[in-house]
Structures are given as C-alpha cells and as structure tokens.
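The values are calculated or read from the model by the stated rules, or taken from the named source; none is laboratory data. As the structure is a prediction and not an experimental result, all values here were calculated from the model. Virtual Cβ from ideal backbone geometry, glycine too; neighbours counted across all protein chains shown.
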Amino acid sequence: MSLTEKVMCPDLPALIHAQECNYKNLYAAFARYCETESGKINLCGLSLGGILALHYATEHPEKIKSLVLIGTRYVMPKKLLTIQNAIFRLMPNQSFESIKKKKKNFIQLSKTMAELDFGMKLGSITCPTLVVCGEKDAANKKSI
C-alpha cells in the first residue's frame, strides 16, 4: 500500500441508521459503501468488520487488492452466539451507547448472523490475505 492510498473506516451502525438492524441490511449497506471507491480496495476488518470484509471479498474478488481479517470466523459459531446474546441481555443498556445502537438491535443483528457460512466461497478470494488471531483467543483460534 502506498502512502497516498486513502484509509476509510465506516461507522457500521450509521450505515443502517434507518433500516432494520439485521445482517442482510448491514452487509448491503457495507457493499454500497465499498462500491463508492473506484478501483481495487484493501479491506481490513476486526470481528464483525472482518465478517463483512470476508463476505464482500467472496462476492467481489475482482474489487479486492488485499484482505486482512482479525478475529474473524468464516462459519458463525451458533452456540457461541447464543451465549453471547445471553450475556448481552444481562448487560446494561448504556454498555451499547458507544456503538450507537440499542441493546435489542445488537442482539437482533447477532441472531441474524447465526447461519452465515462462507466456507464454500473461500476459494473465490484471490487477493493476498492475512488472517490474524490472538494467541489467547480460544474462541476464534479453532476456526483458523
């Protein structure tokens, strides 16, 4: 990447500000965001951002110059998402204020992601790809 390349960091909650908070709407908004750039793009995503980047890269491999995925799974862990949502339900609403969405919206988004599986599409990614996972990230290390 040259020093003149632009870095964009989308505000994911703002992408679907007026729409129902689900993965389908978030991905569609993210794809539109990526399409605003002409030429190939470098995508880097952490967790949910990585899932969106991975999804976009499988559907638009010709548009991707490079891909960096951090703590990202290509198959969603249904049991882990269920546990995560149970924990989210116990958390106070103000814990979600920093992501500009209500707790119920975040739980709904998480539920709509349970069936995601990009395993059969990974072969379509042809760009240089770096997958990063922390040594102590047991939940995500299993998927690498």
In the stretch 107-137, what residues are surrounded by 12 or more Cβ atoms within 10 Å (Cβ to Cβ) and among the polar types (S, T, N, Q)?
Gln108, Ser110, Thr112, Ser124, Thr129
For the stretch 53-65, pairs from a residue that is surrounded by 22 or more Cβ atoms within 10 Å (Cβ to Cβ) to a residue that is outside any helix (DSSP H, G or I) and of a type in the set (Phe, Trp, Tyr), with Cβ under 6 Å and 6 or more apart or across chains, are Leu54/Phe118
Scope the stretch 56-75; condition more than 14 Å from the chain's Cα centre (by Cα) and assigned to a strand (DSSP E or B); matching residues:
Ile64, Lys65, Ser66
Just to be sure, is Leu43 touching a helix residue (DSSP H, G or I) at 6+ places or on another chain (Cβ under 6 Å) and in a strand (DSSP E or B)?
yes
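Can you name the residue in the stretch 52-82 that is more than 20 Å from Pro13 (Cβ to Cβ) and β-branched (Val, Ile, Thr) and is also modelled with the lowest pLDDT among such residues?
Thr82
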May I ask you to list pairs of residues, at least six apart or on different chains, whose Cβ atoms are under 9 Å apart, with the first in the stretch 112-125 being on the phi > 0 side of the Ramachandran plot and the second being hydrophobic (A, V, I, L, M, F, W, C)?
none
Criterion first (buried (at least 17 other Cβ atoms within 10 Å of the Cβ) and touching a Gly at 6+ places or on another chain (Cβ under 8 Å)) does Gly50 satisfy it?
yes
Out of Ser66, Ser38, report the one residue that is in contact with a strand residue (DSSP E or B) (Cβ under 9 Å, 6 or more places away or on another chain) and either of a type outside the set (Phe, Trp, Tyr) or within 17 Å of Leu122 (Cα to Cα) (or both).
Ser66
